[in-house]
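Asker: Right, I'll just put the structure down here and ask away after.
The values are calculated or read from the model by the stated rules, or taken from the named source; none is laboratory data. Note that the structure is predicted; figures quoted are calculated from it, not measured. Backbone-built Cβ (ideal geometry, glycine too); neighbour counts: all protein chains shown. What goes into the accessible areas is simple: the full protein's heavy atoms, side chains included, and nothing from ligands, DNA or RNA. Shrake-Rupley method; radii C 1.70, N 1.55, O 1.52, S 1.80 Å.
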Amino acid sequence: MIREFIKKFVQDICQHNGYTEEQCEQIQYTTTVFFFELVKLISIIILFSLCGYWKESIIIIGIMCVTKPFIGGYHEDTQMKCFIATMLITTGVILLSLNCKLNFISNIILILISLFSIYNTAPVLNDKMPITRLELIKRNRVLGISISSVLGISSIFLYKYSNLYELITWTILFQSILMFNKREKK
């Protein structure tokens, strides 16, 4: 029902503006993905807000939103599975940050391991949305490594000033671990 509404909405826009069929398909795909991602993220933030973790959920979701498009990695094949996986990741990061206090050296080590993994693996391409242009792959790699590095450095600098450093460190670590989810198809 929602997909049908989005399809009709996009078709109206495309007809009104004289877009080609290919442009219309791209707009429809992007609009659909954006809508479902927005609903998923808002739902997760609301659920964690009800549990008293709104700030933590926003930070975790924010980090995932700014890194995942550029480093790639784990993807589910349905919106519901994606929602559940994101809920589990967010829960895991919050629980680890509450229960596993990192000292300064441990924080640096986890950040360096994460950045090493991202550097050696990014971007992991999704079979359902393959990027074929080499310049886009290189651009995503540079952006993914740069954004992750800035977040990692921020975590290190926040160590003495805020417990937010643990949320950043655990989220980056989860993102780097989830880059290694590929199974060989037989």
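Asker: Just to be sure, is residue 186 assigned to a loop (DSSP other than H, G, I, E, B), modelled with pLDDT of 90 or more and open to solvent by 80 Å² or more (accessible area, probe 1.4 Å)?
Answerer: Judged against the criteria, residue 186 is not a match.
Asker: Now, a different point. Does the range 101-111 hold any residues that are without any contact (Cβ under 8 Å) to a residue 40 or more places away in the chain and part of a helix (DSSP H, G or I), and which are they?
Answerer: If the condition is that a residue be without any contact (Cβ under 8 Å) to a residue 40 or more places away in the chain and part of a helix (DSSP H, G or I), then 105, 106, 109 are the ones that fit.
The rows are residues; the columns are (1) in a helix (DSSP H, G or I); (2) of a type in the set (D, E, K, R); (3) at pLDDT 85 or above; (4) open to solvent by 80 Å² or more (accessible area, probe 1.4 Å).
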position: 4; (1), (2), (3), (4): yes, yes, yes, yes
position: 8; (1), (2), (3), (4): yes, yes, yes, yes
position: 11; (1), (2), (3), (4): yes, no, yes, no
position: 16; (1), (2), (3), (4): yes, no, yes, yes
position: 22; (1), (2), (3), (4): yes, yes, no, yes
position: 25; (1), (2), (3), (4): yes, yes, no, yes
position: 28; (1), (2), (3), (4): yes, no, no, no
position: 33; (1), (2), (3), (4): yes, no, no, no
position: 42; (1), (2), (3), (4): yes, no, yes, yes
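Asker: Mind telling me which of the residues 62, 72 ends up being more than 27 Å from residue 159 (Cβ to Cβ) and either in the same structural domain as residue 174 (by the TED database) or surrounded by 13 or more Cβ atoms within 10 Å (Cβ to Cβ) (or both)?
Answerer: 72
Quick grid of which residues meet (1) assigned to a helix (DSSP H, G or I); (2) under 17 Å from residue 56 (Cβ atoms); (3) open to solvent by 10 Å² or more (accessible area, probe 1.4 Å); (4) not assigned by the TED database to the domain that holds residue 65:
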| site | (1), (2), (3), (4) |
| --- | --- |
| 138 | yes, no, yes, no |
| 146 | yes, no, yes, no |
| 154 | yes, yes, yes, no |
| 157 | yes, no, yes, no |
| 167 | yes, yes, no, no |
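Asker: Among the residues of the range 83-94, are any in the same structural domain as residue 122 (by the TED database), open to solvent by 60 Å² or more (accessible area, probe 1.4 Å) and without any contact (Cβ under 8 Å) to a residue 24 or more places away in the chain?
Answerer: yes
Asker: Additional query: State all residues of the range 74-114 that are β-branched (Val, Ile, Thr), at pLDDT below 95 and out of contact with any helix residue (DSSP H, G or I) (no Cβ under 9 Å at 6 or more places or on another chain); if no residue qualifies, say none.
Answerer: Within the range 74-114, 78, 84 qualify.
Asker: Which of the residues belonging to the range 44-70 are out of contact with any helix residue (DSSP H, G or I) (no Cβ under 8 Å at 6 or more places or on another chain) and in a helix (DSSP H, G or I)?
Answerer: Within the range 44-70, 46, 50, 55, 62 qualify.
Asker: While we're here: For residue 114, which of the numbered conditions (1) under 21 Å from residue 166 (Cα atoms); (2) open to solvent by 30 Å² or more (accessible area, probe 1.4 Å); (3) of a type outside the set (A, V, I, L, M) fails to hold?
Answerer: (2)
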